[in-house]
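Peer 1: Following this message is one structure expressed as structure tokens.
The values are calculated or read from the model by the stated rules, or taken from the named source; none is laboratory data. Not measured: the values here are computed from a predicted model. All Cβ positions, glycine included, derive from the backbone under ideal geometry; neighbour counts span all protein chains shown. Accessible surface areas use protein heavy atoms only, side chains included; no ligands, DNA or RNA. Shrake-Rupley method; radii C 1.70, N 1.55, O 1.52, S 1.80 Å.
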Amino acid sequence: LKCLVRVRRPRPPRPETPCPRRPIAAASAVLPDAMSTLESRVATLEENLNQKIADYDEALDTIWMLLAAALVFFMHSGFSMLETGCVRHKNTQNILAKNLIVVTVGFLCWYIIGYPLAFGAPTASEPTRFAGANNFAMDGFWDAPSSFRNWLFQGAFCATGATIVSGSMAERTQLKGFITYTTLMTSFIYPIVIWWGWSGNGIFNYTDDNGVSTSMTGTPLMDFAGSGLVHLVGGIGALCGAVIVGPRAGRWEPEKQEEFEGHSIPFCVLGTFFLWFGWYGFNPGSTLEMHSVGAANTAGIVAVNTTLAPCVAGLVVFFLRAKVCPPRLLDVGGFCNGILAGLVSITAGCGFVKSWEALIIGFIGGFVYQGASMLLRKLKVDDVVDAFPVHGACGVWGLLALGFFGNPDETGGNGAFYGGDQISIQIFAVFMIVMWVTPLSIAIMLPLRLLGALRHSDEFQEAGADLMEHSPPKAYSQQTASPSKETAM
């Protein structure tokens, strides 16, 4: 039995190894150094994190602005197609050449002097309320690289304002006269208005000594994406051009009305969709940033409003021309211009109104466009693409609409329907824009007309600009052969 029982013998005790301990005084001396090192590391991490966040925000804003600028630039393809569809086939290349000139000449003028007058706040002196005076030919941009994206985005806007004029004066305007006006529009007329409203230093919107946004009338202007600052400027220029250059030869002779119909309704429809698509850069892109939830939400409601207003405006015009206005037939071209009228009408208020308010603004915009279009015909003003009714009349309505709509507690508006006092500055802006663009446009175009540098002769118009000054002499390979230039002359 003893063999079967395991006897557990006690282990001998291990010798105790003394644990070295630092004196309390030594530990107290080391602890502050460790804490200081830890605090330094935390501060460095925090600084690096903040820099990463700032870099991320800057990159996100740049991507957003470049995307928006590309969409706005794409609008020129829409203008080109729409204007091409509205002219006769014998002037197709000519109107396309003018659209290309607007973009190329316009951006060069914007580079040299347009942007400095529109956004070039001086650094060494107090800015004036009239115009900017800095960053000529991008001087100083490398000190603030974010200026490059703003230059591109706003430059696309500038060219848009100028191309509005080309359509109204189509088929009878000389190229040299049009280039002259485009140069002055993109170099001086348009940039000054932009300084007034969007620079933060102009008469429509500046910061007073107390850091409060104000204007010459008290309340700062609201024009989110340019119903007035962009479209009204172009619309007034278009009206002046159409009046001064005069109607196309034979335009108002009753027996020749059908001769002046546009040659391609499909181009008009495609051009309208191109413009509508580009408007999603024009309006949502005017948030100018996309690194915050607030900016993202604003862009969302802006895009929704940019969808709803043209829908109702287009349907209003389509119905009016089908059931109310002679000849009471379905007018696809009118439908297209109604859509554009709704887009222009909501451009000022797209970021300040609710969706149901956008529907009302678009609904009224349809009537504004139709009324203005009928008035021009009554006065025998030959606006080939209805540029003034779309951009001028609806640009006025877009500005004035913000005097009535927009809840200050929910959308940041200041409309009279909610107790706001926005209407005074909106009216003042309309008045100032009209009084600025009209006399300058007349001062440019009227001398050109008197000097014979603006309007083509009746014989030239009859033959068509493509035959008279373009190579090849026709835009379409299957187009009916035109008479020779010698025969036309």
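Peer 1: So what's segment 83-227 giving for Cα Rg divided by 2.2 N^0.38 Å, two decimals?
Peer 2: 1.18
Peer 1: Follow-up. Given the C-alpha atoms of segment 384-489, compute the convex hull and give its volume per residue in Å³.
Peer 2: 162
Peer 1: Hey, what number do you get for the chain at 222 nm if only DSSP H runs of n ≥ 4 count, each worth -39500 (n - 2.57), divided across all residues, to the nearest 500?
Peer 2: Taken over the chain, the calculation gives -19000 deg cm²/dmol.
Peer 1: Keeping all protein chains in place, calculate the accessible area per residue for segment 235-364 (probe 1.4 angstrom), answer in Å².
Peer 2: Working: 5200 Å² over 130 residues.
Per residue, segment 235-364 has an accessible area of 40 Å².
Peer 1: Report the equivalent ellipsoid semi-axes for the chain in whole Å, largest first, defined as the square roots of five times the eigenvalues of the gyration tensor built from alpha carbon atoms. Walk me through the intermediate numbers first.
Peer 2: Details: eigenvalues 747, 139, 121 Å².
Those come to 61, 26, 25 Å.
Peer 1: Got a sec? Charge dipole of segment 177-271, +1 on Cβ for Lys and Arg, -1 for Asp and Glu; which of GLY246, GLY218, PHE260 is way out at the positive end?
Peer 2: About the Cα centre, the residue reaching furthest to the positive side is GLY246.
Peer 1: Also, quick follow-up: Please identify the GluC sites (Glu not before Pro) of segment 256-329 that satisfy two criteria: DSSP loop assignment and at most 11 other Cβ atoms within 10 Å. Which are they?
Peer 2: Taking segment 256-329 and a limit of 11 other Cβ atoms within 10 Å, the loop GluC sites (Glu not before Pro) found are GLU261.
Peer 1: Dipole of segment 36-161, Cα-centred, from +1 at each Lys and Arg C-beta and -1 at each Asp and Glu C-beta, to the nearest 20 debye?
Peer 2: I would put it at about 920 debye.
Peer 1: When only C-alpha pairs under 8 Å and at least 6 residues apart count, what is the relative contact order of the chain, in percent?
Peer 2: After rounding, I find 20 percent.
Peer 1: For segment 308-389, give the magnitude of the charge dipole about the Cα centre (Cβ charges: +1 Lys/Arg, -1 Asp/Glu; no others), in debye to the nearest 20. Walk me through the numbers on the way to the answer.
Peer 2: On the way: 7 positive and 5 negative charges, 54 e Å.
Here segment 308-389 has a charge dipole of around 260 debye.
Peer 1: Could you provide, to the nearest whole Å², the per residue accessible area of segment 88-179 with probe 1.4 Å? Present the calculation step by step, with values, prior to reporting the outcome.
Peer 2: Details: 3400 Å² over 92 residues.
Accessible surface, normalised per residue, equals 37 Å².
Peer 1: With r as the distance between the Cβ atoms of ARG377 and MET435 and R0 = 30 Å, compute the FRET efficiency 1/(1 + (r/R0)^6) and round to 0.05. Show your work: numbers first, answer last.
Peer 2: Numbers: r = 26 Å, r/R0 = 0.87.
According to the calculation, E is roughly 0.70.
Peer 1: Give the Rg (one decimal place) followed by the Dmax (whole number) of segment 41-128, computed from C-alpha coordinates and expressed in Å.
Peer 2: Considering segment 41-128 through its Cα atoms, Rg and Dmax are 21.5, 74 Å.
Peer 1: Same structure again: For segment 355-446, count the residues as N, evaluate 2.2 N^0.38 Å, and divide the Cα radius of gyration by that value, please.
Peer 2: That ratio works out to 1.26.
Peer 1: Per-residue counts of other Cβ atoms within 10 Å, averaged by peptide: what ranking do you get for 461-467, 341-347, highest first?
Peer 2: Averaged packing, sorted descending, gives the order 341-347, 461-467.
Peer 1: Where does the Debye-calculated log10 I(q)/I(0) of segment 283-345 sit at q = 0.18 Å⁻¹, using only Cα point scatterers of equal weight, no solvent?
Peer 2: Here log10 of I(q) over I(0) equals -0.64.
Peer 1: Moving on to the next point. Quote to one decimal, in nm, the extra length available between VAL332 and ASP208 on full extension: 0.36 nm per residue of separation minus the C-alpha distance between them.
Peer 2: Extra length from VAL332 to ASP208 when fully extended: 39.7 nm.
Peer 1: With the alpha-carbon atoms as the only input, what is the per residue convex hull volume for segment 375-428 in Å³?
Peer 2: Taking only Cα atoms, segment 375-428 has a hull volume of 85 Å³ per residue.
Peer 1: Counting only protein heavy atoms and using a 1.4 Å probe, what share of the accessible area of segment 83-141 belongs to carbon plus sulfur, as a whole percent?
Peer 2: After summing per-atom areas, the C and S share lands at 69 percent.
Peer 1: Multiply the residue separation of SER36 and LEU288 by 0.36 nm, subtract the distance between their alpha-carbon atoms, and state the gained length in nm to one decimal.
Peer 2: Extra length from SER36 to LEU288 when fully extended: 86.5 nm.
Peer 1: Which value, in debye to the nearest 20, describes the size of the charge dipole of segment 91-223 about its Cα centre when Lys and Arg Cβ atoms bear +1, Asp and Glu Cβ atoms bear -1, and nothing else is charged?
Peer 2: That gives a dipole near 560 debye.
Peer 1: Which one, LEU38, LEU229, ASN297, is farthest towards the positive end of the dipole of the chain when Lys and Arg carry +1 and Asp and Glu -1 on their Cβ?
Peer 2: The residue sitting most towards the positive pole is LEU38.
Peer 1: Could you point to the residue in ILE433, SER166, PHE119 farthest towards the positive end of the chain's charge dipole, with +1 and -1 charges on the Cβ of Lys/Arg and Asp/Glu respectively?
Peer 2: PHE119
Peer 1: Another question about this same structure. Want the number for SER424 to TYR476: 0.36 nm per residue separation, take away the alpha-carbon distance, what's left?
Peer 2: Length gained between SER424 and TYR476: 13.6 nm.
Peer 1: Report, to the nearest whole %, how much of the accessible area of segment 148-271 belongs to carbon and sulfur atoms, 1.4 Å probe, protein only.
Peer 2: Whole-percent figure for carbon plus sulfur exposure: 58.
Peer 1: If packing is taken as the average count of other Cβ atoms within 10 Å, what order do 225-236, 408-419 fall into, highest mean first?
Peer 2: Going by the mean number of other Cβ atoms within 10 Å, highest first, we get 225-236, 408-419.
Peer 1: Excluding residues fewer than 8 places away in the same chain, name every one of the lysines whose C-alpha is closer than 22 Å to that of LYS98.
Peer 2: Once the sequence-local lysines are set aside, what remains near LYS98 is LYS90, LYS176, LYS474, LYS485.
Peer 1: Helix hunt in the chain: which complete DSSP H runs extend at least 30 Å axially by C-alpha with mean Kyte-Doolittle at least 0.0?
Peer 2: Values: long enough: 24-86 (93 Å, 0.53); 147-168 (33 Å, 0.52); 293-319 (40 Å, 1.64); 355-378 (35 Å, 0.81); 423-450 (40 Å, 1.97).
Span-like helices here: 24-86, 147-168, 293-319, 355-378, 423-450.
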